[in-house]
Structure formats: C-alpha cells, structure tokens
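Only one structure is covered here, and it is reproduced in the block below.
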C-alpha cells in the first residue's frame with residue numbers, strides 16, 4: 001500500500017444550496033496537496049456508501065466539473081439520513097468501515113453534515129484509539145437549521161435565510177397590491193422543527209413596512225393572541241403576512257401541522273402548518289387568504305444563494321483539508337464572528353467532542369417580547385449572513401448545474417447488508 | 001379645461017413579477033410626449049380607484065422611482081379583482097367613470113390586465129360611442145395564465161415559467177441526493193386553474209434527466225395510471241418529482257384540491273392539490289415524500305424574472321401609449337412571434353372585441369400522449385420565454401424594490417359607493 005493516504009468525503013443529512021461548495025473546497029484543496037493526499041474519494045449517499053463500499057473517484061471528474069460544484073445545489077454524491085450507533089451497540093458497522101478504509105487506504109475522512117453527523121464523525125475519529133485503525137476524521141459543518149454549537153453560523157443557513165426573506169418580501173408586496181378586493185392574509189410555511197432561525201429571516205423586512213406575524217417553534221402557539229394580532233394588522237394596514245415555522249407547537253405539545261388534516265403523512269415529516277393557520281384565520285374572520293409551503297424549494301434555491309454563505313461553505317471545506325494536513329483529528333472548522341458591522345469573521349476550530357449532540361437554540365433575546373418578531377440583536381446577527389449575490393450561470397433560461405460523472409471505484413470487499 | 005388630455009393607468013387582476021415593468025413602459029413613454037399627454041394618473045387599486053376617484057399623480061414620483069418599477073414585482077398602485085357589468089345592467093358605474101374622467105380631463109385609459117380586464121377595457125373603449133364621452137382605451141396585456149388570445153404570449157408568464165422550471169430543477173436535485181435513505185417523491189403544486197401553461201414549464205427539464213410526472217388541468221386525473229407512473233419512476237430511478245396544477249380535476253369534475261381536507265377555504269381559492277397527491281402516493285406505496293405549494297411565491301418572484309418577459313412587459317406598455325398617440329382606441333398591443341430559433345418577435349395590435357372574454361387554451365399537441373409531460377412543440381414554444389436573467393439590485397442582501405410615493409390627486413367629486 002502506498003505511503004500516501006487517500007481521502008474520503010461524504011455528505012450527510014438534508015442537503016443545502018451550498019453543501020457542494022464545501023465539497024468543492026475539500027476536493028480542490030486536496031488536489032493541491034498530491035504529495036500528501038492520494039485519491040480523493042466520495043461516498044455515494046453519505047455514510048451508507050461508505051458502509052456499502054460504494055465509493056466514487058472524484059479524480060475522474062474534471063477541474064471544471066469540480067469548480068461547478070460551487071454553483072450547484074443539493075448533494076452531488078448523494079446524501080443519507082443514517083446515524084451510526086455507539087460502538088458498544090453496533091461494532092459490526094465500525095468494523096465494516098475500517099475494512100472499507102483499509103481496503104481503499106483511506107487515512108482522511110471528511111464528513112459534511114449537521115449535529116447528528118458530527119456525532120457519527122466523532123465516533124469515526126475515535127477509531128484509531130478504539131479499534132486501532134489510524135484515521136483523521138474532520139467534520140465539515142452544514143445545516144440550514146443553524147443549530148451547531150461553537151461556530152457562529154452554519155453553511156446552508158444564510159442562503160435559506162436570503163431566500164425566505166426575499167420570498168416573504170415579494171409575496172407581501174403581492175398581497176399589498178391585492179388586499180382591497182381580494183387576498184388579505186398570506187401565510188408562508190418555512191422549515192425549522194426545533195429552532196426558528198429560518199422564520200426569523202423574514203424579520204429582516206422590518207425596514208420594508210410589511211405588517212407581519214412570525215410564529216416560532218420556541219414560542220408556544222397562543223391562538224387568541226395570534227388571531228387578534230393578525231386581525232389588528234388587517235384592520236390597520238389592510239393585509240398581513242404570516243410566517244410560520246413547521247415546528248410550531250400547541251400548548252398540549254402537539255405540532256400545529258398535526259392538528260389539521262395532513263397527519264396521514266405527518267408521521268414521516270412535518271409540513272402543513274400553513275393550511276392549518278390559514279383555515280384558522282379564515283374561520284375566525286372570513287378574510288380571503290392564500291398560503292404557500294416552501295419546503296425543499298427553500299433549501300435548494302441555489303439561484304438565490306447568499307454570497308457570504310457560499311464563500312463560508314467553501315472555506316470550511318478548504319479548512320477541513322488544511323486541518324487534516326496539519327495532523328488534526330476529531331475537529332471541525334468553525335466560523336468565528338469578529339464583528340457585525342463591518343461583518344468580519346475568521347475560520348476557527350472546534351473539538352468534535354464539544355460539537356457532537358449539542359444543539360444550539362436561538363437565544364431568547366432574539367425573539368421580540370410579544371413573541372411575533374425578532375429583536376434588533378437578531379437582525380444584526382442574521383443580516384451579514386444573507387449579504388451578497390452569487391449567481392450560477394444560465395443556459396437556455398435555466399441554471400447550469402453540474403451532474404458529476406461519479407465514476408465508481410471497483411469494490412474489493414464482499415457485500416455488506418445494512 | 002386644457003386641450004391636452006391626461007392619461008389614467010390602472011392595474012387589474014392578480015399581479016405579476018413584471019406588471020410594473022409595463023407600468024414603467026406606459027409612464028416613461030407618456031412622459032416623453034408632454035405635448036400630447038398631460039398628467040399621467042394611476043388608479044389606486046385598479047378600476048376600484050377609478051370609480052372611487054382615488055387617483056395617484058405619477059408625476060410626483062421621480063424618474064428614478066419610475067425606472068425602478070421595471071425591477072419591482074407586484075402592483076405598485078394596487079390592483080383589484082373587479083369586473084364591470086354590461087352597460088345595460090349597471091349604467092351607474094359607467095356614468096361614474098365618465099364623471100371621474102371628465103373631472104380629471106382623462107382622455108387616455110390604459111388598463112393592464114388579463115381576460116376579464118380586457119372585457120372591462122373594451123366596455124370603457126365604447127364609452128365615446130355609447131355615452132358620448134371621448135376616451136381612448138388601450139389594454140395592456142398581463143397574465144401569468146398566458147391565456148389571452150391573439151398575442152403569442154402574455155407578459156408575466158415567462159417569469160413564472162422560469163421560476164417554476166428552476167425551482168423544480170433545484171428541488172428535484174435535492175430529492176435525487178436524498179432518496180437512498182429518505183424522500184423518494186416530491187410534489188410541487190403550481191398555479192393554473194384552467195390551463196396547464198405553468199405546469200408545462202417544468203417539462204423544460206427534459207434535458208436534465210429528472211424523472212417527472214406533470215398533472216395538467218387539461219387532462220382528467222386518472223389515479224391508477226398516475227400512481228403506477230410515479231411508482232415506476234421510483235423503482236427505476238429511485239425517486240420522482242410530481243408537478244401538479246392547482247386546477248387538476250377528477251373524473252367527477254371536482255378539483256383535486258377539494259377532495260382532501262382543505263375545502264374549508266377551497267371556496268375562495270384553490271390550493272391544496274399537493275397534499276392530496278402526497279397523501280395518495282403515501283397511502284398507495286408508503287414512499288416518504290415532501291410537498292410544496294408555491295402559490296404567490298411563483299408570481300411575485302421578480303428576483304428570478306425572465307429577461308425576455310421583462311422586456312416584453314415594458315414594450316407592450318410603451319406600445320400602448322404609442323397606439324394612443326396615433327389615435328387608436330379599443331386595441332391591445334400583442335407579441336407576435338416571428339421565429340422560435342433564433343427567437344424573434346414584433347409588437348402587433350389586436351382589436352379588443354377579438355380579445356375580450358376569449359380564453360386561449362394550451363394546444364392539445366403541447367401535451368404528450370401519455371398526458372404526463374410536454375411535447376417538443378411545447379418546449380420550443382416556452383423555451384424562449386424564460387430566456388435571460390434580469391436581476392434587481394440588492395441592498396443589505398435583499399432586492400431593492402421601490403415603493404412609490406403615490407401622491408393622491410385631490411378629489412373633485414362626491415363620494416361613490418361601490
């Protein structure tokens with residue numbers, strides 16, 4: 001086996017508009033260090049591909065294709081929702097991973113994901129200690145939920161925030177033009193099961209004079225107070241925009257989205273808080289209304305990515321490789337804010353033991369006292385993250401996103417059953 | 001009263017990402033002909049403002065503000081869903097309009113709307129004949145539904161088409177990355193009560209290898225055939241995207257959106273076909289799925305407008321004024337396609353009597369034989385309409401949309417009750 005070790009990159013969890021920018025940062029940086037890093041492999045469908053020995057040789061894709069990852073949303077190698085159990089519960093999976101790593105001479109593992117993935121990456125980073133196989137595991141932060149600890153923000157969030165703030169503005173202007181004879185209330189449902197970061201982005205419109213009510217998962221839903229506020233806005237301004245997090249809960253702890261009519265598939269995922277809210281407002285006041293559910297549109301909207309977010313996504317990918325080359329294991333690059341205005345940050349480093357399974361919530365003083373908006377502090381935090389545009393190229397009116405060749409690495413091991 | 005006549009511009013029906021570009025074309029062109037056109041007024045909230053004598057003096061807004069209309073979605077003066085009855089049924093409204101026109105010396109009326117509005121504009125264009133008040137009424141075409149006759153396309157459609165095609169591409173790439181362990185079917189609901197033009201835009205992705213099923217309002221929904229097709233895609237490709245028009249109907253003539261659980265407000269508007277479809281697929285096969293309802297997001301998405309659409313919207317506004325200056329009445333500028341590739345068109349003219357209350361449907365040979373996709377002919381038609389990007393400026397990460405001063409013209413008449 002060669003002295004030089006190969007690298008394995010894998011994407012994990014829900015994909016984002018900029019996770020491929022991180023992949024681009026990892027691969028382009030690794031390619032610049034051919035003296036130390038041999039092949040750069042990617043796992044097909046995240047950790048599942050690593051277990052199944054479904055590896056991709058990213059070296060078979062041109063520099064042009066790899067560069068295009070920076071402008072391409074979604075996960076170019078496939079992602080997975082799959083969490084490794086603890087070593088004590090499931091040594092079979094860890095032994096398999098080591099077998100795959102050994103068979104393909106993998107010494108560097110870059111795992112691009114959120115909180116659950118950081119835990120998986122942490123477990124893998126301990127394989128050298130626990131199972132005697134030397135591997136440097138570096139976590140590359142990614143999550144639209146913006147809930148990783150230590151890092152000031154998470155790549156993926158800024159672009160969703162920009163998309164939701166822009167879409168809320170555009171749809172609100174629409175309602176503002178229509179309310180005289182038609183729609184008076186517009187309800188937009190956004191992602192966010194546990195934290196209201198994405199909904200909070202709509203609060204950036206404070207300078208745009210949009211009468212708005214934001215419903216955060218952090219604030220227990222108070223139907224009467226909510227309805228009164230919406231109606232007050234309609235009376236005063238003629239219309240009202242409501243932004244509702246999918247994770248908003250009623251006093252009994254149940255999701256709003258489960259209350260209505262969509263619970264047939266509410267088991268597998270949320271979605272459907274908007275029609276419940278719309279129905280509620282309509283029944284109470286008879287206002288004509290429209291509702292939208294952004295769902296995947298928001299996290300895949302690379303056409304409206306934040307330039308700050310894209311840049312940071314690339315940088316954490318690049319830093320991960322640099323950390324590996326310096327010999328680090330079990331760490332994650334972080335984005336450390338230096339100042340709000342002008343916005344300055346530097347790339348820092350966190351230990352995975354401090355990251356794994358720690359969820360960062362929105363600070364209490366980011367939500368306004370009435371519970372329906374954001375504070376100036378929150379605005380100052382989010383604003384720099386949505387700054388700048390970073391458009392993809394277009395061909396025939398559509399964004400030119402790359403689909404990689406994703407050439408498979410020949411398997412060397414017997415099949416594995418998940 | 002001055003010899004020079006004033007102009008009145010009004011927006012009607014659902015607003016679009018580019019209706020203000022038409023307003024910009026009207027106002028900027030009128031301002032260049034101060035020898036013939038005096039003040040340029042706009043009606044607040046469309047024809048309702050004309051009846052209520054709620055007029056805006058657009059002359060009070062700077063050239064910079066008016067120019068910014070080109071980049072601003074929604075209706076800058078407010079729009080209305082309000083259709084005048086026939087003269088024989090409701091001469092009170094026509095007499096009021098004439099009173100308002102007389103009081104403000106209005107000789108030119110520019111009405112920016114779709115099919116219903118063309119009918120209103122047609123009725124107003126006959127006021128000189130029927131009630132002896134000389135006014136030149138020109139209709140400026142606008143509708144995301146793309147259903148006006150004679151004109152090859154309608155300003156507003158191209159931008160929605162670009163948004164929906166792009167969003168479908170982005171969300172489909174998302175599902176493609178997730179299907180191995182998670183979401184296998186993604187359902188996107190798009191606008192279109194009677195015609196599938198907007199849904200058809202997703203068919204442009206044919207070059208992008210996205211397994212997709214499109215449900216058109218023109219094709220009666222066949223549940224078994226639909227489910228079988230979705231499942232075949234999931235089996236073959238691992239995932240499937242479904243694009244469903246809000247206007248899809250069941251064999252009994254009822255809307256899909258009415259079948260489910262959202263009919264409490266289905267009376268006022270459609271919306272909710274996506275959760276019905278999602279529920280259906282989930283119950284039949286148990287596939288994990290996600291759904292989105294684009295609703296107003298699609299028609300207000302100026303951030304992703306088609307440059308072709310913006311240009312044409314401006315040009316029909318400009319042409320309307322030019323027609324008026326040449327002495328025409330009761331006409332509408334049209335977009336006449338000269339060739340597909342390269343795309344060439346010229347601005348033509350249609351008589352309002354040929355436009356009013358005529359709905360143009362999607363040609364039958366635009367939908368593929370299986371009913372789930374578009375034909376090459378359809379693709380050739382839509383493709384040029386989404387071409388080109390025309391980005392607004394941004395400030396602090398958000399599009400810089402203009403809110404006009406909209407200074408009211410002092411009223412001269414007694415109040416009017418609608």
(request) Report, in degrees rounded to the nearest 10, the 0 to 90 angle that the Cα long axis of helix A:19-31 makes with the longest principal axis of chain A. (result) 20 degrees
(request) Would you mind telling me the antiparallel percentage of the DSSP bridges in region B:157-300, rounded to 5? (result) 5 percent
(message) What is the distance in Å between the Cα centroid of region A:192-255 and that of region A:1-78?
(response) 40 Å
(request) Place the peptides A:372-378, A:69-75, B:161-167 in order of packing, highest mean first, counting for every residue the other Cβ atoms within 10 Å and averaging per peptide. (result) B:161-167, A:69-75, A:372-378
(request) Return one number: the angle in degrees, 0 to 90 and rounded to the nearest 10, between the long axis of the Cα atoms of helix B:307-325 and the longest principal axis of the Cα atoms of chain B. (result) 20 degrees
(request) Just check region A:1-88 against the gyration tensor rule for me: Cα atoms, a ≥ b ≥ c as the square roots of the eigenvalues, rounded for a/c under 1.5, and otherwise prolate or oblate depending on whether a/b exceeds b/c. (result) oblate
(request) Along Cα-to-Cβ, 7 Å out, sits the label point; list in nm, shortest first, how far the one on residue A:326 is from those in the other copies. (result) 7.1
(request) Could you list the square roots of 5 times each eigenvalue of the Cα gyration tensor of region B:57-124, that is, the equivalent ellipsoid semi-axes, sorted largest first and rounded to whole Å? (result) 27, 16, 9
(request) Counting only DSSP beta bridges with both residues in chain B, tell me the antiparallel percent, nearest 5. (result) 35 percent
(request) Grab the alpha carbons of the protein assembly as shown, take their convex hull, and tell me the volume per residue in Å³. (result) 159 Å³
(message) Once the convex hull of the alpha carbons of chain B is built, what does its volume come to per residue, in cubic angstrom?
(response) 151 Å³
(request) Please report A:157, A:361 as a ranked list, fewest other C-beta atoms within 10 angstrom at the top and most at the bottom. (result) A:361, A:157
(message) Counting other beta carbons within 10 Å of each residue's own, what order do B:351, A:412 fall into, fewest first?
(response) A:412, B:351
(request) Using a/c under 1.5 as the rounded threshold, could you call region B:351-418 rounded, prolate or oblate? The axes a ≥ b ≥ c are square roots of the C-alpha gyration tensor eigenvalues, and prolate needs a/b larger than b/c, oblate otherwise. (result) oblate
(message) Let me make sure I get this right: for region B:157-300, a, b and c are the square roots of the gyration tensor eigenvalues over alpha carbons, sorted descending. Under 1.5 in a/c it's rounded, otherwise prolate if a/b > b/c, else oblate. Which is it?
(response) oblate
(message) 7 Å along Cα→Cβ for the label point: how many nanometres lie between residue A:92 and each equivalent label in the other copies, listed shortest first?
(response) 8.0
(message) Once the label point is set 7 Å along the Cα-to-beta-carbon vector, what list of distances in nm do you get between residue B:224 and its counterparts in the other copies?
(response) 5.3
(message) Output the 0 to 90 degree angle, nearest 10, between the alpha-carbon long axis of helix A:115-125 and the longest principal axis computed from the alpha carbons of chain A.
(response) 10 degrees
(request) Report the relative contact order of chain A, percent, no decimals, based on alpha-carbon pairs under 8 angstrom and at least 6 residues apart. (result) 23 percent
(message) Cut-off is 10 Å between beta-carbons; in what order do B:337, B:380, B:44, A:302 appear when sorted fewest neighbours first?
(response) B:380, B:337, B:44, A:302
(request) Please report how far the C-alpha centroid of region B:302-335 lies from that of region A:340-418, rounded to the nearest whole angstrom. (result) 42 Å
(request) Quickly estimate the mean residue ellipticity at 222 nm for chain A, helices only: each DSSP H run with n ≥ 4 gives -39500 (n - 2.57), and the total goes over all residues, rounded to 500. (result) -10500 deg cm²/dmol
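Laboratory data are not the source of any read-out in this text; all were calculated from the coordinates shown. Keep in mind that this is a model prediction, so the values were computed, not measured. Here the Cβ is made from the backbone with ideal geometry for all residues, glycine too, and neighbour counts use every protein chain on show.
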